[in-house]
């Protein structure tokens with residue numbers, strides 16, 4: 001049985017009182033400043049290691065935010081009703097892509113440490129020369145601008161339209177957002193896929209996998225849904241959204257986490273098995289590095305943790321309908337996403353075994369604290385849920 | 001077994017309701033009166049009806065899990081049996097011990113899904129008592145409207161709380177119309 005809200009939500013919406021959280025906000029702000037300053041030191045002290053650490057942290061947070069953006073456009077494109085009450089938080093996390101676009105700049109500056117193909121002159125490597133039409137610096141830069149530009153424009157436009165609808169509830173905004181979402185869906189697929197090719201796959205220019213973009217997407221969608229569960233629960237703990245988001249919404253979010261746990265495993269295994277079975281040297285090297293030496297332990301942990309542990313737990317209805325338990329699984333999945341990005345990025349540098357560096361941690365803290373700080377600035381500006389969405393009532397009375 | 005004066009077996013006492021909302025409210029009445037053997041009939045699914053009827057969780061999922069695990073074990077048996085034990089085959093120099101398991105995953109996955117789907121389908125039929133050639137409710141000529149615009153509720157005579165007068169009164173109080181006894185055959 002679901003907990004039913006007996007009090008109707010206030011028509012003016014619920015507002016996050018930032019004055020209650022000035023302490024948290026200033027801690028995050030201070031941490032961000034200190035960590036970013038230390039990262040600048042790292043970039044000069046040990047640019048090689050630092051560039052990989054930064055890319056790892058960037059990829060982790062980028063997939064989380066891009067995933068939330070994905071759920072926003074899916075919500076509009078499918079005209080779904082359940083997600084209306086959680087949509088504002090998806091939009092808030094989605095616009096953090098603006099911050100991430102700025103934090104992408106160090107990757108461009110440190111590109112020569114990350115992407116060896118940028119340094120190799122033409123005529124040296126035939127396999128690289130065959131890819132020059134795609135793998136060259138100016139095209140790389142143009143693509144990065146297009147991808148990030150698309151993400152931040154679409155995220156900003158969708159949030160702006162949604163916030164405008166809070167004022168008068170004009171259904172015109174719903175239709176406009178749906179149109180933006182229709183254009184954004186194919187654009188999202190292309191930008192995420194080729195972004196993954198450019199920023200992660202080209203770390204080793206010999207290697208290629210046509211499934212890599214889908215693999216990154218599968219991890220992003222599942223982990224961002226988990227992040228949403230964590231954010232919603234944190235807001236409920238702070239006393240917000242309690243009459244708005246019910247266990248029925250948790251149940252649906254849990255189902256999506258389960259679905260994308262399966263999808264991640266399906267895509268990840270599909271990618272692995274085809275490469276393993278075909279046994280072509282330029283394809284297998286990616287997995288040989290990651291399945292040997294001490295990387296083997298982390299790869300095993302990823303497969304077991306992301307799928308074999310999460311899957312049976314998420315099968316249970318009692319977990320999906322209980323916020324505390326679902327949060328534990330959600331936190332675990334977010335950690336596994338972090339591990340996933342670590343295993344994709346760092347073996348490109350430390351091919352002989354795991355070598356944890358202090359810059360890995362500092363980059364994570366720097367980007368995480370920055371995003372957390374900006375998030376706490378964005379949340380109080382609008383109601384915590386879209387108060388005049390035409391489908392709000394349906395979402396409040398959700399039964400599934 | 002209750003019988004009518006004419007000697008027919010009694011299947012249920014049934015009533016018709018003017019709308020889905022009325023049927024929904026009536027279901028809550030009957031649920032709160034403590035009946036277990038009863039059902040509602042409508043032309044389309046009504047959201048929240050399972051709560052209004054007080055239905056618990058369906059354990060169809062248990063059978064699906066059983067089917068899925070059976071499928072997984074079947075796949076493991078038919079793959080490891082021949083390829084690792086009965087006739088070990090060297091393909092591309094790949095191992096034939098346990099570590100060749102990635103090559104077997106697709107079949108394991110497919111059979112898990114296939115057996116799970118079979119279990120879901122056949123358990124659904126079984127738990128609903130299907131296939132069934134004829135339902136006693138069709139002995140009531142008004143019931144033909146159930147696939148068009150009729151909303152019906154029937155309390156079956158095998159329910160331990162079933163008494164003709166008590167049930168009739170309950171159905172009347174819940175807003176039922178055309179209350180009648182439905183014959184078993």
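Read-outs: derived from the displayed coordinates by stated rules, not from any lab. Treat the numbers as computed from the prediction; the structure is a model and nothing was measured. Note: ideal-geometry Cβ built from the backbone for every residue, glycine included; neighbour counts use all protein chains shown.
Looking at (1) touching a helix residue (DSSP H, G or I) at 6+ places or on another chain (Cβ under 6 Å); (2) surrounded by fewer than 21 Cβ atoms within 10 Å (Cβ to Cβ), which one does residue A:171 not meet, given that it meets all the others?
If we test residue A:171 against (1) touching a helix residue (DSSP H, G or I) at 6+ places or on another chain (Cβ under 6 Å); (2) surrounded by fewer than 21 Cβ atoms within 10 Å (Cβ to Cβ), just (1) comes out false.
Can you name the residue in the range A:239-285 that is more than 13 Å from chain B (Cβ to nearest Cβ) and closer than 20 Å to residue B:93 by Cα and is also surrounded by the fewest Cβ atoms within 10 Å (Cβ to Cβ) among such residues?
If we take residues in the range A:239-285 being more than 13 Å from chain B (Cβ to nearest Cβ) and closer than 20 Å to residue B:93 by Cα, then A:281 is surrounded by the fewest Cβ atoms within 10 Å (Cβ to Cβ).
Search the range A:243-285 for residues being outside any helix (DSSP H, G or I) and in contact (Cβ under 8 Å) with a residue 24 or more places away in the chain, and hand back the single one that is farthest from residue A:63 (Cα to Cα). It would help to see each step written out before you state the result.
Of all residues in the range A:243-285, those outside any helix (DSSP H, G or I) come to A:243-246, A:279-280.
If we keep only those that are in contact (Cβ under 8 Å) with a residue 24 or more places away in the chain too, we end up with A:243-246.
On the way: A:243: 30, A:244: 28, A:245: 25, A:246: 27 Å.
Once the filter is applied, the top-ranked residue is A:243.
With the structure loaded, tell me whether residue B:114 is more than 20 Å from residue B:26 (Cα to Cα), away from chain A (no Cβ under 14 Å) and part of a helix (DSSP H, G or I) or whether it fails that test. Give the steps one after another, and end with the answer.
Details: more than 20 Å from residue B:26 (Cα to Cα): yes; away from chain A (no Cβ under 14 Å): yes; part of a helix (DSSP H, G or I): yes.
Yes; evaluated as a whole, the condition is true for this residue.
Listed here are the residues, each with its yes/no results for (1) under 22 Å from the mean Cα position of the chain (by Cα); (2) within 14 Å of chain A (Cβ to nearest Cβ).
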residue	(1), (2)
B:50	yes, yes
B:59	yes, yes
B:75	no, no
B:81	no, no
B:90	no, yes
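If you scan the range A:83-102, which residues turn out to be touching a helix residue (DSSP H, G or I) at 6+ places or on another chain (Cβ under 7 Å) and either surrounded by fewer than 20 Cβ atoms within 10 Å (Cβ to Cβ) or at positive phi (or both)?
Hits for the range A:83-102 are A:98, A:99, A:101.
What are the residues in the range A:115-137 that are assigned to a helix (DSSP H, G or I) and more than 19 Å from residue A:193 (Cα to Cα), if any?
Once the filter is applied, which keeps residues that are assigned to a helix (DSSP H, G or I) and more than 19 Å from residue A:193 (Cα to Cα), the range A:115-137 yields A:116, A:117, A:118, A:126, A:127, A:128, A:129.
Please determine whether any residue of the range A:146-166 is outside any helix (DSSP H, G or I), in contact (Cβ under 8 Å) with a residue 12 or more places away in the chain and in contact with a helix residue (DSSP H, G or I) (Cβ under 9 Å, 6 or more places away or on another chain).
No, the range A:146-166 contains no residue that is outside any helix (DSSP H, G or I), in contact (Cβ under 8 Å) with a residue 12 or more places away in the chain and in contact with a helix residue (DSSP H, G or I) (Cβ under 9 Å, 6 or more places away or on another chain).
So which residues in the range B:92-108 are part of a helix (DSSP H, G or I), more than 8 Å from every other protein chain (Cβ to nearest Cβ), surrounded by 13 or more Cβ atoms within 10 Å (Cβ to Cβ) and without any contact (Cβ under 8 Å) to a residue 24 or more places away in the chain? If you could, list the steps in order and put the result at the bottom.
Applying the first criterion (part of a helix (DSSP H, G or I)) to the range B:92-108 yields B:98-108.
Pick out the ones that are also more than 8 Å from every other protein chain (Cβ to nearest Cβ) and you get B:98-101, B:104, B:107-108.
In the following step, the residues that additionally are surrounded by 13 or more Cβ atoms within 10 Å (Cβ to Cβ) were identified as B:100-101, B:104, B:107-108.
Hits for the range B:92-108 are B:100, B:101.
Under the condition of being in a loop (DSSP other than H, G, I, E, B) and surrounded by fewer than 18 Cβ atoms within 10 Å (Cβ to Cβ), which residue from the range A:286-325 is farthest from the other protein chains (Cβ to nearest Cβ)? Break it down into steps so the answer makes sense when it comes.
The first filter runs over the range A:286-325 and keeps only residues in a loop (DSSP other than H, G, I, E, B), leaving A:291-294, A:316, A:321-322.
Next, only the ones that are surrounded by fewer than 18 Cβ atoms within 10 Å (Cβ to Cβ) stay: A:291-294, A:316, A:322.
Numbers: A:291: 11, A:292: 14, A:293: 18, A:294: 19, A:316: 10, A:322: 14 Å.
Among those residues, the one meeting the criterion is A:294.
Conditions (1) surrounded by fewer than 21 Cβ atoms within 10 Å (Cβ to Cβ); (2) assigned to a helix (DSSP H, G or I); (3) free of Cβ contacts under 8 Å to residues at least 24 places away in the same chain, marked per residue:
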position	(1), (2), (3)
A:343	yes, yes, no
A:365	yes, yes, no
A:369	yes, yes, no
A:374	yes, yes, no
A:377	yes, yes, no
A:380	yes, yes, no
A:388	yes, no, no
A:393	yes, yes, yes
A:399	yes, no, no
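Just give me the residues in the range B:13-35 being within 18 Å of residue B:137 (Cβ to Cβ) and outside any helix (DSSP H, G or I), in sequence order.
Listed by number, the residues that qualify are B:13, B:14, B:15, B:16, B:17, B:35.
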